[in-house]
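J.: Supplied in structure tokens, the structure appears directly below.
Every number here is computed from the coordinates shown, using simple stated rules; none is lab data. Keep in mind it's a predicted model, so treat the numbers as computed, not measured. FYI the Cβ positions are ideal-geometry reconstructions off the backbone, even for glycines, and counts take in every protein chain you see.
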Amino acid sequence: MADSRNRGAMAAIVAAVCVLAVAGTAVAVTRPWQDDTRSATRSSTAGTTTTKPSSGANAQVVQVWTGTSDTSLINRLADTIGPAYRIAPAKTAGDADVELRPGTSNDDPALVATSPVVLAMPSAMATAFGAPTTDNLQGWFNRKNTWSTEGHAEWGDFRLAIPDPATSATGAIGYGALLTAVNGKPVGKTPDYTHPTPATFAMVHVEQLTVVEKSDSAARDLLNAPDTAAFAKTASAVLSTEREVAAHNARTGANQLVGVPLLGGAAAVPIVATPANGFSKSKFQVLLTHLRSPAGQQALRASGYRSRTGERPGIDGASDLAKPAAVTADSFKTARSAWQTAHRRNSTVALLDLSGSMTEKFPGTKTPKVVMMQQLLKLAFTLASPQQRSTMWFFANRAKGPVFDDVPLALDSPAHIKDIHAALDRAKPGGGTPVYLAIERAYKYAVDHYTPGRANRVIVLSDGANEDAGNHVTLAQVKAYVAKYYDPKKPVTLSMVLLDPGGNYKGLEQVAAVTKGSATTLRKMSEAPNVFQEALFG
């Protein structure tokens, strides 16, 4: 289960990132799905590596960092700023007087340019991939479309390389845009995982099919693959920006790439000018004024950026796109929170009550409690990432023992999930409810199999009554047992989903609290989606 800090995190793709309109569907840079264009045309002026200083022997030097060692933009700015200042390239961001970096739309007047988020792909792959429509994206992320179905089995599995959204503006904006695109509309609330649609599955699979790069520069390095075969060894597409693709294509001998825009270009990274600590405010204002002037804007657009309002860059092959949507600090925060929730890796022992009381109908339905739990657990494991680690246990008073496990703790490979589904199909209710004893055994197992780097947890799904003549574990004893094995340095969280538990809720809530866990009641079907969302992503 997720605690209150994680609740609703998948619904948090709102505001400027996820409210990116699907309107304005003009497509970008090149359109390989519409014609025979094979690559973006090189700019004849981009990619030079020499710096031409501004005139003036006594000019004051301003070192500028643009995020890369490419000095073409510095040259253009130096040519146009005038004699009082000399713009020079900084070697690193730490050396810079002024940095051009991703920011937010709230940074106006420091906002100087934008660049749409794109899926960067070799031309042949972009042609086979097709247009970035909702139906097509759902097809790829739900594995209906594969490189094999498109006649290119040699390209392997479809995978998307993405700079870590936890630290990268491009990654965060792109992740929010992808969720919106595969959903077909802004994600205004938590999806109902109890009744998943193709859009629901696709949103979950966006994270599952990613190769996470630690930084923008690491993702940018992937663009330098010498040919399509080498590119496909790492990823099918790299989440990048239109400007990065243009800069790559301008390099001599580069394998030409296509930038497929997300949401018609509305998903765009704001570029802001930021002075170093202690840098002269008057000098910075001069440079900022120049960057926003017609000459400065022309230099930026000639280097592959778009204007603040999204006018096309001054490079061959660029086309009009949708106006950039606003990106706020809150939208970064919520997109990153959603990514971190979806990207969280768990090691889970799921413990299902098979006692006789679980044959009772869930309130307001004709469905037995155990059948409802079997259905929801099957969905949970179908949606689960292959990177999750899990096992399925059951408990009831049976001849084979009060607690029994049918499936070992392992990564959620297709074979492992198939085994769990089969175990759930075999599960038949009947007998007493040794819930306290079951908690002790499952918790000790989880502690013994603790996996560093994961959220280790035990989830108990029960109606809560500890009623079994075969064992005599008391509430005080199970609390003491769990406290004995709980290690805050290697925490295993105990959480409960309690189906219409009546007065049995408080005792199990106390047991969960020993591990900083939670106990959530499920008393009516309308509560199931939220409870299930916590079970999936907590």
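J.: Applying 1/(1 + (r/R0)^6) with R0 = 60 Å to the Cβ-Cβ distance of Ser69 and Ala422, what FRET efficiency is obtained, to the nearest 0.05?
T.: 0.60
J.: Any idea what % of Cα-Cα pairs in segment 86-238 are farther than 21 Å?
T.: Value for segment 86-238: 53 percent of Cα pairs lie more than 21 Å apart.
J.: How many percent of DSSP beta bridges within segment 9-336 run antiparallel, rounded to 5?
T.: 60 percent
J.: Points 7 angstrom from Cα along the Cβ direction at Ser215 and Ala84: gap in nanometres?
T.: About 3.5 nm, to one decimal.
J.: Between Glu467 and Lys516, what FRET efficiency comes out of the Förster formula 1/(1 + (r/R0)^6) with R0 = 30 Å and r the beta carbon distance, rounded to 0.05?
T.: 0.65
J.: Would you indicate which of (1) 1.31; (2) 1.05; (3) 1.08 is the value of Rg/Rh (Cα atoms, Kirkwood Rh) derived from the coordinates of this structure?
T.: Correct label, based on the coordinates given: (3).
J.: With an 8 Å cut-off on Cα pairs and a minimum separation of 6 or more residues, tell me the relative contact order of the chain in percent.
T.: Relative contact order comes out at 20 percent.
J.: Could you work out the relative contact order of segment 344-537? I mean the mean sequence separation of Cα pairs under 8 Å and 6+ apart, divided by the number of residues, in percent.
T.: Normalised by residue count, the contact order of segment 344-537 is 24 percent.
J.: Moving on to the next point. In what order do Val407, Val435, Val482 fall by count of nearby beta-carbon atoms within 10 Å, going from fewest to most?
T.: Listed from fewest to most nearby Cβ atoms, that is Val407, Val482, Val435.
J.: By a straight-distance test (C-alpha under 21 Å), which lysines pair with Lys516 as possible cross-link partners, with residues fewer than eight away in the same chain excluded?
T.: Reachable lysines: Lys444, Lys479, Lys484, Lys489, Lys490, Lys506.
J.: Sticking with this one: Give, in whole angstrom and from largest to smallest, the semi-axes √(5λ) of the equivalent ellipsoid of segment 344-537, with λ running over the eigenvalues of the Cα gyration tensor.
T.: 22, 21, 16
J.: In cubic angstrom, how much convex hull volume per residue do the alpha carbon atoms of segment 392-470 span?
T.: 101 Å³
J.: Which whole-number percent gives the relative contact order of segment 125-224, counting Cα pairs below 8 Å spaced six or more residues apart?
T.: Reported relative contact order: 34 percent.
J.: Which order do Asp406, Asp448 fall in if you start with the one that has the fewest other Cβ atoms within 10 Å?
T.: Going from sparsest to densest Cβ surroundings: Asp448, Asp406.
J.: Using every Cα-Cα pair within segment 413-454, state what percent have a distance larger than 16 Å.
T.: Roughly 64 percent, once rounded to a whole number.
J.: Turning to a different aspect of this structure: What does the helix-only formula give at 222 nm for the chain: each DSSP H stretch with n ≥ 4 adding -39500 (n - 2.57), the total divided by the residues, and the result rounded to the nearest 500 deg cm²/dmol?
T.: Helices in the chain give a 222 nm mean residue ellipticity of -10000 deg cm²/dmol.
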